[in-house]
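Below you'll find the structure, written out as structure tokens, and then a few comments.
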Amino acid sequence: MANDAPALTRGLRLLETIAAEADASFSDLQRLCPIPKASLARLLAVLRDEGYVIKHGDGYRLGDRTSLFQGGRDADEHLRLVAEPHLRRVAESCGHTTILIRIHSDRFHCLAREIVEDSVVLQGPGTTRDDFGNGPWGSIAMAGLDTDKYEQARGRMRNRDAFETRFPHERCCLAEHGYVRADYNHVCRIAVPIAHAQHAAFAALGIGAPPDAMSEQAAQQTITAMQAAAADIATHCRSLFPHGASA
């Protein structure tokens, strides 16, 4: 049978070679893989950008993202690995730091962040907050809670009055347009839910920018890129989060 995807075959053989020959240099890979030099360079660049391969000194090793094909990961780690290339692309396209927020019914947790130099930094990976009044990702979380959990979350807010003033508009924008935008404290924040149809969001993508750097045209381009990324992430994590946010 003819090979209808030679580039894919070359990429797979290259990954197999790097797995078997850790820290093989470019010249080693040229010798071990029957791939033209220019094609080898392009394949390595793509695999590095996507997190499947890392450069270690003069050699190459398998990257963290290859663990997607192995057992032993928890759901959040899988989500992070799937999302990180999307975070990079969104950050590069909009020029602003992008974060991945994991949403639970009583808190949200930052799993990953792609920093753009001289942009608004936002919270870092590993930070957990229980105040859903802090940021548009909190509004996405609140929109998915039942009455009892909503009231519990509302009771934890440190600036409840400000949240209750904003939330009706933000919930409406989320329902109609699939994002939340919040401009306050001299920062424009945009969040897009990562969710399956008919379920509460289990995560969100977020960015922050100075308001004067986020024109309506720039905002719409950023939202479009974030929504495309969120949809792809949700598709690849469907089996891990079948019911949306968890306790």
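The values are calculated or read from the model by the stated rules, or taken from the named source; none is laboratory data. Just so it is clear, the structure is predicted and the values come from calculations on it, not from any experiment. Here the Cβ is made from the backbone with ideal geometry for all residues, glycine too, and neighbour counts use every protein chain on show.
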- Among the candidates G126, G155, which residue alone is on the phi > 0 side of the Ramachandran plot and at pLDDT 90 or above? G126
- Message: Let me confirm something: among A231, A219, which residue is of a type in the set (G, A, S), free of Cβ contacts under 8 Å to residues at least 24 places away in the same chain and either in contact with a Cys (Cβ under 6 Å, 6 or more places away or on another chain) or assigned to a helix (DSSP H, G or I) (or both)?
- Response: A231
- Task: Considering every residue within region 222-229, establish whether at least one is small (G, A, S), over 13 Å from the mean Cα position of the chain (by Cα) and surrounded by fewer than 22 Cβ atoms within 10 Å (Cβ to Cβ).
- Result: no
- Item | Positions within region 67-84 being more than 20 Å from H109 (Cβ to Cβ) and at pLDDT 90 or above, in sequence order | none
- Message: Checking E216 against (1) in contact with a strand residue (DSSP E or B) (Cβ under 6 Å, 6 or more places away or on another chain); (2) farther than 20 Å from L87 by Cα, only one condition comes out false. Which one?
- Response: (1)
